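The structure appears below as structure tokens.
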Amino acid sequence: MSTVSQTLWLRTLFLIGLSLLFTHELDAMTHSEWRVLPLTSWLEPEMGRLVFVVLHVPLFALVLGWLTSQLPQRVLQGQFWVSVFLVVHAGLHLAFSGQAHYTFEGMLSNTLIFGAAVFGAGYLAGNYWMGRA
């Protein structure tokens, strides 16, 4: 990441949230998450898996590029929007949890998903609080 003027605790909240999301994506492979997502659930399982994995390459490249920009304001915008996504992502998991193919039920899966949301919300709240101080 570029040199962005940001307190260590705020940066740490963000990085832990992002790390939980990235680790969730590893866990998602073991739960065949492509069978739950509207974009891939209608595909044959092997094709869904392929599309799910391949689409993560440009997605991760865009996110990492955004977060490592040489423009400090871009990095802060990226951290904000990724943190918003962490919270929305948990909501999507709640919405999809009633589907037959949804298997994210263990402590590890739920800690990764909802832990990311907690850290994302913590980052957003901390960012708001720091802006008000």
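Which of the residues spanning the range 64-86 are of a type in the set (A, V, I, L, M) and closer than 19 Å to Trp9 by Cα? Before you say what the answer is, go through the steps one by one.
Taking the range 64-86 as the starting set, the residues that turn out to be of a type in the set (A, V, I, L, M) are 64, 67, 71, 75-76, 82, 84, 86.
Those that are of a type in the set (A, V, I, L, M) and closer than 19 Å to Trp9 by Cα: Leu67, Val75, Leu76, Val82, Val84, Leu86.
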- Query: How about the range 1-116: which helices (runs of 4 or more DSSP H) wholly inside it have at least 1 residues that are farther than 21 Å from Asn127 by Cβ, in contact (Cβ under 8 Å) with a residue 40 or more places away in the chain and within 15 Å of the chain's Cα centre (by Cα)?
  - Reply: 8-30
- Task: Tell me, please, whether a residue that is buried (at least 19 other Cβ atoms within 10 Å of the Cβ), within 18 Å of Trp34 (Cα to Cα) and either in contact with a Phe, Trp or Tyr (Cβ under 7 Å, 6 or more places away or on another chain) or not aliphatic (A, V, I, L, M) (or both) can be found in the range 102-109.
- Result: yes
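Values in this text are rule-based calculations from the coordinates and carry no lab data. Nothing here was measured: the structure is a model prediction, and the numbers come from that model. Cβ: placed from backbone, ideal geometry, glycine included. Neighbour counts: every protein chain shown.
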